[in-house]
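Please treat every number below as a calculation from the coordinates, not as lab data. None of these values were measured; they are calculated from a predicted model. Here Cβ is always computed from backbone atoms with ideal geometry, including for glycine, and neighbour counts include all displayed protein chains.
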Amino acid sequence: MRNTPLGALALTILTAHSTPGQTASPSLDNLLSHAVELEKGRDFAGAEKTYRQALLASPDDPEILKRLGIVCQEQGEYDQSIAAFQEILKRAPVYPEVNLLAGISYYALNQFDQAAESMKKELAADPKDRQARYYLALALHASNRNLEAIQQLEGLLTDHPADIPALYQLALFYKDGAQEASQQVAKLAPDSEWYLALRAEAFADNGHLDEAIQQYKTVLSKNPSFPGMHFELGQVYWKKKDAENAQAELKLALQEDPNQPLANFYLADILTTQKDYQQAIPHLEITIAAYPKMTKAYFLLGKCHAGTGDVQQALRVFQQASELDPKYQEVHYQLYRLYARLNNKEESQRHLEIVKRLQQEDSSELRENIQKSGPQPTKPNTHE
């Protein structure tokens with residue numbers, strides 16, 4: 001994916017074109033003003049011609065060369081833009097933003113190693129430059145240096161955690177990294193339990209649960225102590241709603257790691273469905289300690305306390321769930337019932353009204369989605 005923000009970069013670079021200590025002639029001023037107006041009107045060819053005229057009057061002006069490089073870049077004339085940028089870098093190797101701009105042109109020409117080197121030079125002068133780090137990651141990834149690319153994006157996100165393009169690229173790089181690692185395992189050890197485990201994960205991720213179970217069982221037959229296999233099997237059985245097998249595998253998983261949070265959660269979910277509330281409670285407490293914002297775990301814990309008759313504890317937990325997700329209908333329904341048991345008619349009615357409102361909102365949203373999807377097919381006339 002090419003995300004070159006050339007226009008944005010052009011607008012952010014200063015339009016003062018005279019070098020320090022140099023007094024521009026009126027004709028040069030007029031040329032530069034005209035070039036800037038042409039750029040604003042996106043007449044980049046006209047701007048290029050005007051900047052080249054300006055260079056005849058001031059051939060060593062780095063800002064004119066910089067602007068020339070930018071307008072060439074905007075037209076896809078990447079070789080010419082690099083030539084302009086290199087003229088600046090011969091005299092000033094760390095001139096602000098020029099290594100970045102040159103790197104973008106190299107990247108556009110698929111010269112990824114040169115692009116990476118240019119970005120590194122820009123970062124040496126300004127380690128906080130977000131664009132340089134972002135394009136360095138892209139160039140490294142394109143050069144099959146995925147681990148280094150991931151490290152660059154992770155460093156960028158440390159300082160800017162809400163950088164959406166960086167997050168998007170990181171997700172893609174992680175995916176590519178997983179595929180590359182799987183391919184390496186397949187190449188190095190195609191008959192090993194490690195490769196079989198990766199195949200099982202792929203089946204599970206794609207919803208092929210029966211195939212995943214078979215692969216996980218094969219892994220355990222080859223290596224009964226392979227780490228995490230009982231949890232993975234238990235998780236797949238849980239997704240299949242096979243409570244008996246899921247429970248057996250999850251108990252084995254918890255023998256290996258008693259604090260595995262999702263193993264505790266899945267087992268607690270099964271126990272809650274079976275109304276074995278007292279057994280489920282400690283498993284849910286372990287889950288919540290690891291995932292304090294997991295609303296479903298609070299919901300199940302509230303049901304367990306209500307099932308054991310501890311109404312006050314149930315109220316406290318359901319209220320925590322409601323704070324985490326105010327639109328959790330089942331939580332408000334449970335609060336409606338609990339307050340009714342306590343003869344608190346006001347609070348009971350309040351939560352009932354919330355349930356009704358949320359149901360209406362869901363119905364309205366469903367109707368809107370149906371309307372947006374276009375006209376529905378009409379039923380055939382069966383009365384002819």
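Working carefully through the options ALA297, ALA321, ALA306, ALA268, find the one that is within 29 Å of TYR237 (Cα to Cα), small (Gly, Ala, Ser), touching a His at 6+ places or on another chain (Cβ under 6 Å) and assigned to a helix (DSSP H, G or I).
Working: ALA297 fails: touching a His at 6+ places or on another chain (Cβ under 6 Å); ALA321 fails: touching a His at 6+ places or on another chain (Cβ under 6 Å); ALA306 fails: touching a His at 6+ places or on another chain (Cβ under 6 Å).
So the residue among ALA297, ALA321, ALA306, ALA268 that is within 29 Å of TYR237 (Cα to Cα), small (Gly, Ala, Ser), touching a His at 6+ places or on another chain (Cβ under 6 Å) and assigned to a helix (DSSP H, G or I) is ALA268.
Just give me the residues in region 42-85 being surrounded by 21 or more Cβ atoms within 10 Å (Cβ to Cβ) and either small (Gly, Ala, Ser) or touching a Gly at 6+ places or on another chain (Cβ under 7 Å) (or both), in sequence order.
ALA47, ALA54, GLY69, SER81, ALA84, PHE85
I'm trying to understand the selection: among the residues of region 237-269, which are of a type in the set (A, V, I, L, M, F, W, C) and surrounded by fewer than 21 Cβ atoms within 10 Å (Cβ to Cβ)? So that I can check it myself, show each step before the final result.
Just the residues of region 237-269 that are of a type in the set (A, V, I, L, M, F, W, C), to begin with: 238, 243, 246, 248, 250, 252-254, 262-263, 265, 267-268.
Matches in region 237-269: ALA243, ALA248, LEU252, LEU254, LEU262.
Give me the residue from region 213-265 that is acidic (Asp, Glu) and part of a helix (DSSP H, G or I) and, out of that set, farthest from the chain's Cα centre (by Cα). Step through it out loud before you land on a result.
Residues of region 213-265 acidic (Asp, Glu): 232, 242, 244, 249, 256-257.
Of the ones still in play, those that are also part of a helix (DSSP H, G or I) are 232, 244, 249, 256.
On the way: GLU232: 24, GLU244: 36, GLU249: 32, GLU256: 32 Å.
Across region 213-265, the extreme among qualifying residues is GLU244.
Step by step: first the residues of region 304-341, then only those that are of a type in the set (A, V, I, L, M) and under 30 Å from the mean Cα position of the chain (by Cα), then the one that is surrounded by the most Cβ atoms within 10 Å (Cβ to Cβ). Which residue is that? Write out each step before concluding.
From region 304-341, those of a type in the set (A, V, I, L, M) are 306, 311, 314-315, 317, 321, 324, 331, 335, 338, 340; that's our starting set.
Next, only the ones that are under 30 Å from the mean Cα position of the chain (by Cα) stay: 321, 324, 331.
Working: ALA321: 24, LEU324: 16, VAL331: 28.
If we take residues in region 304-341 being of a type in the set (A, V, I, L, M) and under 30 Å from the mean Cα position of the chain (by Cα), then VAL331 is surrounded by the most Cβ atoms within 10 Å (Cβ to Cβ).
Could you tell me how many of the residues in region 150-171 are in a helix (DSSP H, G or I), of a type outside the set (Val, Ile, Thr) and surrounded by 12 or more Cβ atoms within 10 Å (Cβ to Cβ)? Full working, then the answer.
As a first pass, look at region 150-171 and keep what is in a helix (DSSP H, G or I): 150-159, 164-171.
Subsequent filtering for residues that are of a type outside the set (Val, Ile, Thr) retains 151-157, 159, 165-171.
Narrowing further to those that are surrounded by 12 or more Cβ atoms within 10 Å (Cβ to Cβ): 151-157, 165-170.
Of the residues in region 150-171, 13 are in a helix (DSSP H, G or I), of a type outside the set (Val, Ile, Thr) and surrounded by 12 or more Cβ atoms within 10 Å (Cβ to Cβ).
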